[in-house]
Amino acid sequence: MKCSNFALWASVAAFSACAHSPARKDASALGSQSADAAGAKAEPDVRAATMIQIPEIQAVRFDYDSAALGADARTQLTANARWLEAHPEVQVQVAGHCDERGTVEYNLALGQRRAAAVRSYYQHLGISGRRIATISFGKEKPLCAESNESCWLRNRRAETLRAAANSASKPKP
């Protein structure tokens, strides 16, 4: 009887371990759709590049203390994505910015969430994540230095920039 209880317990333990252990998957063996999803997390390395504005692409604005994309932002990002689709060779960097309120650390994290939200929406619209890097400047690069809501709104933004023609940029492995 003790032997059968032990066998039953060992079987249950083995089954539980299999049920809870994550399956390891090799991206090369997953097929193109899954491999694309795995590559969606890879961002291009544009750290050494000088970033410049793209006249056809507009920044999007955010509400106070938010990284949520409003209707106006989604409309603008859809227009921006059309330009990106027409220029598949261009790698971009989405820079998240905040207003002056809050700590440096908090605003860096919020700026990164804003940049990530824009990147994610571009990907939702069909732009490869391998073309889109993100960075946060928090409150360090304001457009306006006044302490009022109008100015703060201008500073709460995400900008989509490209590497200057003479800058070095390369995709991450």
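Miscellaneous remarks
- Selection count where residues are small (Gly, Ala, Ser) and more than 12 Å from Ala95 (Cα to Cα), scope region 126-154: 6
- Residue count for region 82-124, restricted to those that are part of a loop (DSSP other than H, G, I, E, B) and in contact (Cβ under 8 Å) with a residue 60 or more places away in the chain: 2
- Residue within region 37-55 that is of a type in the set (Lys, Arg), modelled with pLDDT under 95 and within 14 Å of the chain's Cα centre (by Cα) present: yes
- Residues in region 105-137 that are in contact with a Ser or Thr (Cβ under 7 Å, 6 or more places away or on another chain) and surrounded by fewer than 16 Cβ atoms within 10 Å (Cβ to Cβ): Leu125 alone.
- With respect to (1) within 13 Å of the chain's Cα centre (by Cα); (2) under 19 Å from Glu43 (Cα atoms), the lone exception for Arg162 is condition (1).
- Unmet criterion (only one of (1) farther than 17 Å from Ala42 by Cβ; (2) part of a loop (DSSP other than H, G, I, E, B); (3) not hydroxyl-bearing (Ser, Thr, Tyr)) for Ile127: (1)
- In region 139-173, the residues that are of a type in the set (D, E, K, R), at pLDDT 95 or above and under 21 Å from Ala67 (Cβ atoms): Lys139, Glu140, Lys141, Arg154, Arg156, Arg157, Glu159
- The residue that is farthest from Ile52 (Cα to Cα), among those in region 93-123 that are β-branched (Val, Ile, Thr) and under 10 Å from the mean Cα position of the chain (by Cα), is Val118.
- Every residue from region 70-104 that is touching a Phe, Trp or Tyr at 6+ places or on another chain (Cβ under 9 Å) and buried (at least 20 other Cβ atoms within 10 Å of the Cβ): Ala73, Leu77, Asn80, Leu84, Val92, Val94, Ala95, Gly96, His97, Cys98, Asp99
The values are calculated or read from the model by the stated rules, or taken from the named source; none is laboratory data. All values derive from a computational prediction rather than experimental measurement. Cβ: placed from backbone, ideal geometry, glycine included. Neighbour counts: every protein chain shown.
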